[in-house]
Amino acid sequence: MAAQWHEKTDEELLALIGQQHHLAFATLVRRHTQRFYAVAYRHLLTKTDAEDVVQDAFLKLWQNPKLYQAERGAKFTTWFYQIILNACVDVNKKKKPLALPEDFDVADARPTALDDLVEKEESQQVKEALAGLPEQQRMAMNLCFYEALSNEEAANIMGIHLKALQSLLMRAKTTLKDKMQKTRKEFRHAS
Amino acid sequence: MQADNDLDQWLNKLALETPATNLAERIIAAAAVAPAPMPTATWWSEWRSWLAPAPAYALVSVLFLSVLAGYHLPDIDDTNGSAVELWDEDFSL
């Protein structure tokens, strides 16, 4: 029975969700939560906000499945990327300026603690660099680099022209390269 | 080109904080106690939505048709005298 659910497409599951099939909803949620959480996290850069955005979006879909209109021709994932990113923009509007998480743990006694610390440090540097990007540029990097979507699909999700998206990506990469080189110089000075 | 590769490697160092205690299961549990979804339209719900304002349609139709047919309230002058005259008659003892 469970295998049957997993074979269904997103659109078939959504049709069943419209008939209040809880199992169809559960299948859709299990299939996509991690992906949309990742998108929300890379935009908001805080775990709790990202979790809230994804949970709210799925619950709204459960309570009103008609929000997704299959006849418009958009894939469920394309449409839901828009929902998630719009929700992220709203969250950022409410909590400007962007708060960076202070999630460094004190190094523990394990032999790999130093490696962990270096990894966390690097992750934090990337996180800060992304947080410093304008929202549209961050969104473009999120979709094209991390989600590996085509430029056309990303432009469609963001509701902008392809040229505009390419321009956003170009500017974002230039800024990020500068930031990367700066942090590497600082690291060399420190060591 | 090398700079692009370096950038890609650097960006891949962004680690995701894993969602707390199984986000998907929490969403499913929340949906189980959330109000039931609005069912999608069926032929009878479509009909019901059309029929719901039927009394309003009927009233508007009657008013419109009565205007078309020239129907109006009886003119008070058609009785015995105008409203003022009737008033006078009632109270002039």
How far apart, in nm, are two points set 7 Å out from the Cα along the Cα-to-Cβ line at B:SER61 and at A:ALA148?
-> 6.2 nm
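If you count, for each residue, the other Cβ atoms within 10 Å and average over each peptide, how do A:40-46, A:28-34 line up from highest to lowest?
On the way: A:40-46: 24.3, A:28-34: 20.0.
Final packing ranking: A:40-46, A:28-34.
FRET efficiency for A:LYS66 and B:ALA29, Cβ-Cβ distance as r, R0 = 22 Å, nearest 0.05? Before the final figure, lay out each step's value.
Values: r = 23 Å, r/R0 = 1.06.
E between A:LYS66 and B:ALA29, to the nearest 0.05, is 0.40.
Report the charge-dipole magnitude of chain A in Debye, nearest 20, computed about the Cα centre from +1 at each Lys and Arg Cβ and -1 at each Asp and Glu Cβ. Can you show the working numbers first?
Working: 27 positive and 26 negative charges, 137 e Å.
Roughly 660 debye for chain A.
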At 222 nm, what helix-only mean residue ellipticity would chain A give, in deg cm²/dmol to the nearest 500, using -39500 (n - 2.57) for each DSSP H run of four or more?
-> -23500 deg cm²/dmol
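Please work out the FRET efficiency for the pair B:LYS13 and A:THR48, using the Cβ-Cβ distance as r and a Förster radius of 25 Å; give the result to the nearest 0.05. Could the numbers behind the result be given before it?
On the way: r = 22 Å, r/R0 = 0.89.
Calculated transfer efficiency: 0.65.
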Please report A:PHE36, B:PHE64 as a ranked list, fewest other C-beta atoms within 10 angstrom at the top and most at the bottom.
-> B:PHE64, A:PHE36
Region A:19-39 scanned against label point 7 Å out from A:HIS6 along Cα→C-beta; backbone N under 20 Å for A:22-36
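What does the average come to when, for each residue of peptide B:26-34, you count the partner chain Cβ atoms lying within 10 Å of its Cβ? Display every interim value, and only then the final one.
Values: counts 5, 14, 11, 1, 6, 11, 4, 0, 4.
Counting Cβ atoms of other protein chains within 10 Å of each residue's Cβ and averaging gives 6.
Per 0.36 nm of contour for each residue apart, how much would the distance between A:GLN34 and A:VAL89 grow if the chain were fully extended, relative to their Cα-Cα spacing? If you can, show how the numbers build up before the last one.
Working: separation 55, 0.36 × 55 = 19.80 nm, distance 1.93 nm.
Full extension from A:GLN34 to A:VAL89 adds 17.9 nm.
For a Förster distance of 30 Å, can you work out the FRET efficiency between the beta-carbons of A:GLN82 and B:ASN5, rounded to the nearest 0.05?
Numbers: r = 31 Å, r/R0 = 1.03.
Given R0 = 30 Å and the Cβ-Cβ separation, E is 0.45.
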Please state the charge dipole magnitude for region A:1-98, taken about the Cα centre, from unit charges on C-beta atoms (+1 on K and R, -1 on D and E), reported in debye and rounded to the nearest 20.
-> 380 debye
Alpha carbon centroid spacing (whole Å) that separates region A:142-187 from region A:15-85 = 24 Å
Residues of B:3-14, mean number of Cβ from any other protein chain within 10 Å of their own Cβ, rounded to a whole number?
-> 6
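Over all residues in A:40-51, what is the mean tally of Cβ atoms on other chains that come within 10 Å of each residue's Cβ?
Details: counts 1, 6, 3, 0, 0, 2, 1, 6, 3, 0, 4, 6.
Per residue, the number of nearby Cβ atoms from other chains is 3 on average.
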With a 10 Å radius around each residue's Cβ, average the other Cβ atoms per peptide and rank B:51-62, A:148-159, highest first.
-> A:148-159, B:51-62
Could you please report the charge total around A:LYS185, scoring K, R as +1 and D, E as -1 over all other residues with beta-carbon less than 12 angstrom from its beta-carbon?
-> +2
Any lysines whose Cα falls less than 20 Å from that of A:LYS177, other than same-chain ones fewer than 8 residues away, would be A:LYS120, A:LYS127, A:LYS185, B:LYS13
In region A:1-98, taking the dipole from +1 charges on Lys and Arg beta carbons and -1 charges on Asp and Glu beta carbons about the Cα centre, the listed residue (A:THR33, A:LEU23, A:LEU85) farthest towards the positive end is A:LEU85
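Here, each number is a calculation from the coordinates, and none is a lab measurement. Fair warning: this is a prediction, and the values are worked out from it, not measured in the lab. Cβ atoms come from the backbone with ideal geometry, glycine included; neighbour counts cover every protein chain shown.
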